[in-house]
Every structure is written in C-alpha cells, then in structure tokens.
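Note sheet for the following structure.
Read-outs: derived from the displayed coordinates by stated rules, not from any lab. Computed from a predicted structure; not experimentally measured. Here the Cβ positions follow ideal geometry from the backbone for every residue, glycine too, while neighbour counts run over all protein chains shown.
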Ligand SMILES: NCc1cccc(NC(=O)c2cccc3[nH]c(C(N)=O)cc23)c1
C-alpha cells in the first residue's frame, strides 16, 4: 500500500496473508470459516508450492493473540485465469480446517448483487504490500481509502485503454495506491467486499494507471459452487 497508513490493529479481522516459507506473498480475505478468496496471479512464480494462510495478524512477525497459520487443503484458481491478462483473476483457498473465529478472525461478506459501485464511492483497501517505490515491505498491515472511478474514465485511451471489462472496477491511483504484495486483498465499500486487488499493469502510484480490482458479484455462482462441491 503506497501512501496509506498503518491500520489500527485487528479492525480488519478478515484479512489474510498468503505465505510461502514464512514470507508474505499476497493478500486474501476470509469469505467463510474454511475459505479464503485471493487472486490467481498470486500463484505465479510459486513453482506449484501450496500457500499457508496467516489469519488474525496485524504484525507479520510479532507474537499476537489469535494469530494463527493455517495449512491449505486446496488452491482453486478460476478456470478463466491466465498469465497473459487480468481476466478472472480469482483464487479460492480451502483451509485444512475451519478457522477459529474470534474478535481478530472474522468472515467478510461479499457483494452478491451484480451492480457497479457508483463512481466517487470511497472504499477501503488493505495489505502488507510494499509501502514505497523502493519496495519497502512493512511488518504491519496498512490500509488506504480510495474513491472508485468510472469504468469509462478507467478505460480511457490514456489510462487502461479499453481493457477494463464489466467484471472489473477501478480506483484512483494518484500517489495513494495498491502495490506489489497487495494483490488478492479485498476492496471494501460500505462494509462489503466488492473487489479483489489485481496487479494489472503492476505499476503503483501513477494516476495514469488506476488500480484494478476483479469485481466479486459476477463470480458468485463460481464461488458458491466451489465451496459447495468441496464441503464436508
Ligand atoms: N497499483 C496496482 C497494483 C496492485 C497490486 C500489485 C501491483 N504491482 C505488482 O504486483 C508488482 C509491481 C512491481 C513489480 C512486480 N513484480 C511482480 C511479480 N509478480 O513478479 C509483481 C509486481 C500493482
């Protein structure tokens, strides 16, 4: 997160850190007791390794009550996701067991109605992604409030040039933006997860490249079917 602030500890108890060998790789969030939603691009360069999911954390390294690392039983990328574009950039992770819910570990509801969030709506995004252009990786969760920008503005030739589909949304990226390691985290508008951070052009903090999110509502049927099929 560039230009954000250190989050108040545990005010986003749905946040997950997807880790490999104890290293934060991507964000994610708890959508059910045994399920985390993240971005399919997070599995690139992981050489087929399975993530571990840290829940209940504010600091990545310090001991904290209710902080717990969960093993992952299954990692399911959306079938339409691929390395060449940002389409269908979603990843479902089934935890080895149901997460123990408490004041620091909570499920975040996601939007089920497929209607665009109005432009200028201020939404919140959080993550342990880099906090500077030099690539500083924070130990503590950072958060940022950003206004949604319309798909027409985001698709302008000088911005993302008609690559933003109706299954994506954008927020202003002038100085304050998502960055490397924030992918997979939720964009929360009015207390509901509307989008999932995608790396898109991988650029951070440049107003000409607004932040891109995969909208969740268009994927409700896929999410529900995966969770139902693996249940029990
Ligand atoms: N503001 C939009 C936004 C949102 C989330 C992430 C990113 N930027 C990256 O993720 C990124 C940046 C630079 C080098 C990188 N190398 C890799 C990689 N997978 O090797 C990713 C990156 C940008």
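Quick notes on this structure:
- For the stretch 160-232, fraction of C-alpha pairs farther apart than 15 Å, in %: 58
- Taking the chain and dividing mean pair separation by its residue count, relative contact order in percent (alpha carbons under 8 Å, at least six apart): 24
- Per-selection Rg to Rh, the chain - Cα, Kirkwood hydrodynamic radius: 0.93
- One decimal place: the segment residue 20-residue 230 gains 73.2 nm when fully extended, by the rule 0.36 nm per residue minus the C-alpha distance.
- Distance in nm between pseudo-label sites at residue 33 and residue 140 (7 Å out along the Cβ direction from Cα): 3.2
- Between residue 157 and residue 220, the C-beta separation translates, for a Förster distance of 41 Å, into a calculated FRET efficiency of about 0.80.
- Sorted on the mean count of surrounding Cβ atoms within 10 Å across their residues, most packed first, peptides 149-156, 112-119, 86-93, 189-196 read 86-93, 189-196, 149-156, 112-119.
- Those residues of the stretch 159-195 whose amide nitrogen sits under 17 Å from the label point placed on residue 133, 7 Å along Cα→Cβ: 173-180
- Here residue 47 and residue 190 are evaluated by their C-beta separation; at R0 = 45 Å the FRET efficiency comes out at 0.70.
- Distance from the stretch 9-55 to the stretch 118-149 (C-alpha centre basis), Å: 16
- Under the simplified labelling scheme, the residue 101-residue 66 pair shows an inter-label distance of 1.2 nm, with each label point 7 Å from Cα along Cα→Cβ.
- Global form of the stretch 84-219, assessed from the alpha-carbon gyration tensor, a/c cut-off 1.5: oblate
- Mean residue ellipticity at 222 nm, helices only, the chain: -1500 deg cm²/dmol; runs of at least 4 DSSP H residues each add -39,500 (n - 2.57), and the sum is divided by the number of residues.
- Sites residue 175 and residue 73 - FRET efficiency at Förster radius 30 Å, r taken between beta-carbons, to 0.05: 0.15
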